[in-house]
Number of protein chains: 2
Amino acid sequence: MDNKIRSAEILCVGTELLLGDIVNTNAAFLSQKLAELGICVYKHTAVGDNPERLKAALRCALESADMVITSGGLGPTYDDLTKETVAEHFGRQMELDAHSLCRIEEYFKKTGRVMTENNRKQAMMPKGAVIFDNDYGTAPALALCGGEGNTKTVIMLPGPPNEIIPIFNEKVMPYLEGRRNSVIVSRNVHIFGMGESAVENVIGEIMKKSENPTVAPYCKEGEVRLRVTASAADGDEARKMCDSVIERISNTEVGQYIYGIDCETLERAALEFLRQRGLSFACAESCTGGLISKRMTEISGASEVFLGGCVTYANEAKMRLLGVREQTLAEHGAVSEQTAAEMARGVREALGADVGVSVTGIAGPTGGTPEKPVGTVFVGISTKTGEQVRKLSLSPKKSREYIRSVSASNAFDMVLKSGL
Amino acid sequence: MDNKIRSAEILCVGTELLLGDIVNTNAAFLSQKLAELGICVYKHTAVGDNPERLKAALRCALESADMVITSGGLGPTYDDLTKETVAEHFGRQMELDAHSLCRIEEYFKKTGRVMTENNRKQAMMPKGAVIFDNDYGTAPALALCGGEGNTKTVIMLPGPPNEIIPIFNEKVMPYLEGRRNSVIVSRNVHIFGMGESAVENVIGEIMKKSENPTVAPYCKEGEVRLRVTASAADGDEARKMCDSVIERISNTEVGQYIYGIDCETLERAALEFLRQRGLSFACAESCTGGLISKRMTEISGASEVFLGGCVTYANEAKMRLLGVREQTLAEHGAVSEQTAAEMARGVREALGADVGVSVTGIAGPTGGTPEKPVGTVFVGISTKTGEQVRKLSLSPKKSREYIRSVSASNAFDMVLKSGL
């Protein structure tokens, strides 16, 4: 029996998850990372800070998978019990780890906070654990092998996303890289402007018949993504297998709606499009209320392209900041093709940008009228050659969040289709 | 044996969850709703579109809980198998539901899309199911009771958040309200400016000794929330029990950091603060890049208070839109107390608002210098009586997202502490 890890389950611990107070982003993060390593994830489980149910979930997960990754329950408080539960499962004692204690003391000195007695608990470790220093918080992460023939591995990580992400990337990935079996390569085909059923109707046969690579669709607020995943002995071969399926998909009717391969998001594709052409960008937002700016500036290095934006919620703000004419607002209304065009041109000129985009619409749940129901949105783009406006009629039953998100996505799509 | 539902597990189905392509927001949403109903959630599980593992997870969940709520796997494609699996578990046949088929046909007619043959599958239902019409998509939701003495209930919901949320609120809540046992009331105490360990050090005794109500802490990007939960025969009594614990907490040192009870978010508290005083609001953002505007305008009705904002990423934009002086930028830099003050005043004047806030800083991961490392952020506020600026020195090891989020939160906190 080798010590390769082929399968894993993810076990998240925290009553706040079961109360719905926080969303389990850790499970998604860890799954992505394990997919990159070619480790198959069978299941996610979340349990509360309840020792009995934690013990049962751990036992159940270790029965089917080679590895369990836990998040949470390493904190300083009395109900943080993950380490103790895993140690008990593998029949290990807890002992004070002097190195970890020293680091925790230093951490408190450096951040100027007072170390409380309960923080010492975070330096107690099961005997035989491999410890991963935590540079981002007080709870070290750890790996413990046990079970029959030492073939089972449990990796315990802290709960806060801003700790688990860097620890995993910096410390756990290198640990796992030596213990994986085959190489799995995934590529994402990004589609905007075509629904999931329509995509499947065109390429259903390709999807159904694909075993290696597999083709899995999923949709997300107006977008469809196809994940093409191949498993092979080495990365180059797996990549080639993916590329050949992607080529087949691109040659169908779906091809014209593909805006990128592995480009993460529409905003990243739009940013890259503008960067390659040396064009600067500005945006004027009404109903999206800063979402376009926020999505652009989430990308580190956005400042190469993004000059700034105006969120003009009030009509007064549209006139003052963007020079939208009072007459336009009076004749056509704030939600109109004309206002969208003037907003896009206005922000482009105000900021001296090459490309300006604008969004004005009714995100709901209130504010709709019979002629302009909730979901009516105008998305504009302005370049030196003039303005273009796209009208969206989204379902008034969609949420405010959905309407805002799809509207912002359309602005990025218009940049990509601008012909610049 | 009554037919009350006391406990539940949530079972989410979809390979995209296990690949980490989407975050499981449905589990959090359903948990919050079940907590409101006083139904205790034992566990969340997510499995792929794999019939064997779905069957095993369903069996395991129904062993311990009265009810299982599933999300996902009701779609039109060949790998959507939730209904079929539950029907098999309870020994039921599948049959065509004419009412659902008719509604699906209508849905396609109304949205102008073409109905494909595989959409018919969404009208096949297990015999004896209670069907909840889906006004937001093509897959109806359903409830099926079965097991020994018909004491187990499975509720099957579609996967997309923009379908599951309204269906649950409009159709499933009324169904469950008649089947709950006791009333549970939860109140959230919102704290900003004090860390989790520090809070627990002050009120640890209150937390540990509380059984009913319970007091559970959780932290989220610079905030700590205490969830106080009481169970009683009626709502009034449970509310009184919560209030008495909240009063005890407010009388400790923690009290001064409490910014609200059940106010959801800092931005909502700030919006409400301004609304009650009849004050209008504008914001100027550099490193937060639209996040303040986005968070404000996520709230329906924000337009009562929020006039607009400027995202001024480039120096040129700070000067053009906000009138920040070139000399200030040259002498003190874009990330400085002086620039923050001029940005806040500038946006207040540009938009004619009563209150202007500003953020300028280094969100990283690049752009730091020895004097101004990543995490250096200035947050300003301007009112008719002048400007105030708060300097943040967040850890350079924190993520860009964290630094942006905490910076925006500080801007809202400054509004609440403005003394207006």
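The values are calculated or read from the model by the stated rules, or taken from the named source; none is laboratory data. Since this is a predicted model, take the numbers as computed values, not measurements. Here the Cβ is made from the backbone with ideal geometry for all residues, glycine too, and neighbour counts use every protein chain on show. Only protein heavy atoms, including side chains, enter the accessible area calculation; ligands, DNA and RNA are left aside. Shrake-Rupley method; radii C 1.70, N 1.55, O 1.52, S 1.80 Å.
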Looking at segment A:133-160 only, could you name the residues that are surrounded by fewer than 19 Cβ atoms within 10 Å (Cβ to Cβ) and under 27 Å from the mean Cα position of the chain (by Cα)? A:D133, A:D135
Counted residues in segment A:28-58 being closer than 21 Å to B:T25 by Cβ, among the polar types (S, T, N, Q) and out of contact with any Cys (no Cβ under 9 Å at 6 or more places or on another chain) come to 2
Would you be able to say whether some residue in segment A:248-268 is in a helix (DSSP H, G or I), open to solvent by less than 70 Å² (accessible area, probe 1.4 Å) and within 24 Å of A:T366 (Cβ to Cβ)? no
What are the pairs with Cβ atoms under 9 angstrom where one residue, in segment A:231-260, is more than 16 Å from A:S210 (Cβ to Cβ) and the other, located anywhere, is in a loop (DSSP other than H, G, I, E, B) and open to solvent by 40 Å² or more (accessible area, probe 1.4 Å)? Sequence gap at least six, or different chains. A:Q256/A:G193; A:Y257/A:G193; A:Y259/A:G193; A:Y259/A:K417
Residue under question is A:R320, and the condition is that it be open to solvent by 60 Å² or more (accessible area, probe 1.4 Å), within 12 Å of another protein chain (Cβ to nearest Cβ) and over 18 Å from A:S418 (Cβ atoms); does it hold? yes
Please work out if A:G128 is more than 30 Å from A:D21 (Cβ to Cβ), small (G, A, S) and within 34 Å of the chain's Cα centre (by Cα). no
Would you pick out the residues in segment A:297-314 that are within 15 Å of A:G346 (Cβ to Cβ), in contact with a Phe, Trp or Tyr (Cβ under 7 Å, 6 or more places away or on another chain) and open to solvent by less than 30 Å² (accessible area, probe 1.4 Å)? A:G308
Name the residue that is farthest from B:C283 (Cα to Cα), counting only residues in segment A:290-322 that are touching an Asp or Glu at 6+ places or on another chain (Cβ under 8 Å) and at pLDDT below 95. A:I299
Residues of segment B:330-340 being surrounded by fewer than 24 Cβ atoms within 10 Å (Cβ to Cβ) and either at positive phi or of a type outside the set (D, E, K, R) (or both), in sequence order, are B:A330, B:H332, B:G333, B:A334, B:V335, B:S336, B:Q338
Considering only residues that are touching a strand residue (DSSP E or B) at 6+ places or on another chain (Cβ under 8 Å) and part of a helix (DSSP H, G or I), which ones fall in segment B:190-235? B:E196, B:V199, B:E200, B:I203, B:I206, B:M207, B:G235
Can you work out which of the residues in segment B:38-49 that are more than 8 Å from chain A (Cβ to nearest Cβ) and open to solvent by less than 50 Å² (accessible area, probe 1.4 Å) is farthest from A:A65 (Cα to Cα)? B:G38
Would you confirm, using the coordinates I've provided, whether A:N118 is under 33 Å from the mean Cα position of the chain (by Cα) and polar (S, T, N, Q)? no
Could you identify the single residue in A:E106, A:E63 that is in a helix (DSSP H, G or I) and either at pLDDT 90 or above or among the β-branched types (V, I, T) (or both)? A:E63
Just the residues that are more than 7 Å from every other protein chain (Cβ to nearest Cβ) and either acidic (D, E) or open to solvent by 10 Å² or more (accessible area, probe 1.4 Å) (or both), please, taken from segment B:14-31. B:N26
Within segment A:350-372, does at least one residue satisfy the condition of being without any contact (Cβ under 8 Å) to a residue 12 or more places away in the chain and assigned to a helix (DSSP H, G or I)? no
Leading residue by the ranking (farthest from the other protein chains (Cβ to nearest Cβ)) among those in segment B:116-147 that are assigned to a loop (DSSP other than H, G, I, E, B) and more than 21 Å from A:V199 (Cα to Cα): B:G128
If you go through segment A:2-14 one residue at a time, do you hit one that is of a type outside the set (G, A, S), within 22 Å of B:N26 (Cβ to Cβ) and not in a strand (DSSP E or B)? no
How about segment B:162-206: which of its residues are in contact (Cβ under 8 Å) with a residue 12 or more places away in the chain, within 11 Å of chain A (Cβ to nearest Cβ), open to solvent by less than 40 Å² (accessible area, probe 1.4 Å) and more than 20 Å from the chain's Cα centre (by Cα)? B:M194, B:G195, B:V199, B:E200
Which of (1) farther than 21 Å from A:G178 by Cα; (2) touching a helix residue (DSSP H, G or I) at 6+ places or on another chain (Cβ under 9 Å); (3) more than 9 Å from every other protein chain (Cβ to nearest Cβ); (4) modelled with pLDDT of 95 or more does A:F90 not meet, given it meets every other one? (2)
Criterion violated by A:A363 - all others in (1) within 14 Å of another protein chain (Cβ to nearest Cβ); (2) in contact with a Cys (Cβ under 9 Å, 6 or more places away or on another chain); (3) open to solvent by less than 20 Å² (accessible area, probe 1.4 Å); (4) at pLDDT 95 or above satisfied: (4)
Check A:G260 against each of (1) at pLDDT below 95; (2) within 14 Å of chain B (Cβ to nearest Cβ) and name the one condition it does not meet. (2)
Unique residue being more than 13 Å from chain A (Cβ to nearest Cβ), over 30 Å from the mean Cα position of the chain (by Cα), closer than 18 Å to B:D413 by Cβ and polar (S, T, N, Q) when the list is B:T383, B:T339: B:T383
